[in-house]
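No value in this document is a laboratory result; all are computed from the given coordinates. In this text, all values refer to a predicted model and were calculated from it rather than measured experimentally. A quick note on method: Cβ atoms are made from the backbone with ideal geometry, for glycine too, and the neighbour counts reach across all protein chains shown.
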Amino acid sequence: MNRKHIALAAILAAILLSSTYFFVLNNMNSKQTLTVFCATSLQYPFHQVEEDFEKAYPNVDVHLEAHGTIQVIRHVTELNYKVDVVLVADYSLIPRMMYTTKMPDSSQNYADYYLRFATNTLVLAYTNRSDYASDINSDNWYQILTRPNVRLGYANPQLDALGYRALMAIQLAENYYGVPRFFHDLITANVNPPISSVPDGSNHTILVPETQNSVGDKLTMRASEVDLIALLETGYLDYCFLYLSNAQQYGFNYIELPNEINLGNSAYENTYEQIQVKYDHQRFATVTLDRTGETIYYGLTIPNNAPNPKLAEDFIRFLLDGQGKNDFENQHHPVFSPSYTDNLQAVPQSLRSLVVSEP
């Protein structure tokens, strides 16, 4: 082959390579982006759901973000993020924060229904390195937590459902075990300004100040489960309240709490309702965060301003009745079949066969 032919071959190869590059680039750019915001306690199984959904839908790129439940919704209603699917650890925040909030320059609210699709239960998680790990059990855990050198972590109750649920569980434990001042000795005495619990007969109101600063090393507050998990893994914390699914996913030791405390058994709803968490401020413009104790239920919705609502429906179907459901079950977090809704008529037609109206 002479020089002329070699040069021509090189030019043709360069053109072919360039065409291939732009073909691949155009294909990448043509992918549809599905934006999914989930509670941090769902992050672990959703990494697998994301991977499997993208295999089933090769032209879709799932953008997954995890935040504390309150922050998930606030990204939509106050920070103006365009999100296709919202999944939270407290389903009741969807009507509280999204039904009553209007979109900018519109009379339409952010959502009209929720799907209640899973539950969970609180446990006390720890590792083999935790102080008194060899001594703690289901009968003495509340005594060990109050020992001076034991470090306990909890999630921010202003940002994450786990935070206010942990406070509820501590007060429920005081009631259940008949240990006066358990909440005070564990929480109130170690936070400044104090988080206090005010009794009213068999009921208690937990008052959360606008700012919370730990006094000493007893308590550590972080934004969400993910931060607590990291501190527990490194040994910075001895114990923290987590959801059962997370404790199992990350391989922690854990104490199973009685049904009267763990917020995971609907037969004890009347007991849970004896605890209310109140905030001495309105943290966000769209919501007053005051919460009453109830069974843990997860919820999801497609915001009314979702960029890709049809693709969002495919993703939810994949979660409730596809490989995503298997992924959740394999990661210790089963999904309801069917799921429940408060407004069947507002649920997209393609999903109605997977849900029933709330009982």
Inset, instruction - Taking H placed 1.01 Å from N in the peptide plane, check which residues at least 5 places from Thr341 or on another chain put their amide H under 5 Å from its amide H. - result: Arg116, Val356, Ser357, Glu358
Legend entry - Pairs of Cα atoms farther than 18 Å apart, region 122-291, %: 58 percent
Inset, instruction - Whole Å is fine, so just give me how far the alpha carbon centre of region 121-168 lies from that of region 192-228. - result: 13 Å
Inset, instruction - Determine the gain in length on full extension of the stretch Ser30-His63; use 0.36 nm per residue of separation and subtract their C-alpha separation, reporting nm with one decimal. - result: 10.4 nm
Inset, instruction - Return, ordered by residue number, the residues of region 149-166 whose backbone nitrogen is under 16 Å from a label point located 7 Å along Cα→Cβ of Asp185. - result: 149-152
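Which whole-number percent is the relative contact order of the chain (Cα, under 8 Å, 6+ apart)? Could the numbers behind the result be given before it?
Values: 673 pairs, mean separation 87.6, N = 359.
Relative CO of the chain lands at 24 percent.
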Inset, instruction - Compute the long axis of helix 225-234 from its Cα atoms, compare it with the longest principal axis of the Cα atoms of the chain, and write down the angle in degrees, 0 to 90, nearest 10. - result: 80 degrees
Legend entry - Contour minus Cα-Cα distance for Leu207 and Gln349 (0.36 nm per residue): 46.9 nm
Legend entry - Rounded to 10°, Cα long-axis angle of helix 161-177 versus longest principal axis of the chain: 30 degrees
Inset, instruction - Enter the angle in degrees (range 0 to 90, nearest 10) between the Cα long axis of helix 3-29 and the first principal axis of the Cα atoms of the chain, meaning the one along which they spread out most. - result: 40 degrees
Legend entry - Normalised contact order of region 150-298, rounded percent, pairs of Cα under 8 Å and 6 or more residues apart: 29 percent
Legend entry - Charge sum, other residues only, whose C-beta stays under 11 Å from Val347's C-beta, Lys/Arg counted +1 and Asp/Glu -1: -2
Inset, instruction - Sum -39500 (n - 2.57) across every DSSP H segment of at least 4 residues in the chain, then divide by the residue count to get the 222 nm mean residue ellipticity, nearest 500. - result: -10000 deg cm²/dmol
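Count the net charge of all other residues whose Cβ sits under 11 Å from the Cβ of Arg151, scoring Lys and Arg as +1 and Asp and Glu as -1. Before the final figure, lay out the partial values.
Values: positive: Arg147, Lys218; negative: Asp131, Asp217, Asp238.
For residues surrounding Arg151, the net value is -1.
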Legend entry - Under 13 Å, Cβ to Cβ, from Leu219 - net charge with Lys/Arg +1 and Asp/Glu -1: 0
Inset, instruction - Report, ordered by chain and residue number, the lysines lying within cross-link reach of Lys55, taken as a straight Cα distance under 19 Å and ignoring same-chain residues fewer than 8 apart. - result: Lys31, Lys310, Lys325
Inset, instruction - List, in order, the whole-Hz ³J(HN,Hα) value for each residue of region 44-61 obtained from phi through the Karplus relation with A = 6.51, B = -1.76, C = 1.60 and θ = phi - 60°; use x for Gly and Pro. - result: 4, x, 6, 4, 6, 4, 4, 4, 6, 5, 5, 5, 6, 10, x, 8, 10, 10
Inset, instruction - Within 10 Å of each residue's Cβ, count the other Cβ atoms and sort Asp105, Asp84 from fewest upward. - result: Asp105, Asp84
Legend entry - Along each principal axis, Cα extent of the chain, largest first, Å: 94, 49, 36
Inset, instruction - Report the one residue of Ile275, Ala173, Asn149 whose Cα lies farthest in the direction of the positive end of the charge dipole of region 122-291 (charges on C-beta: Lys and Arg +1, Asp and Glu -1; origin at the Cα centre). - result: Asn149
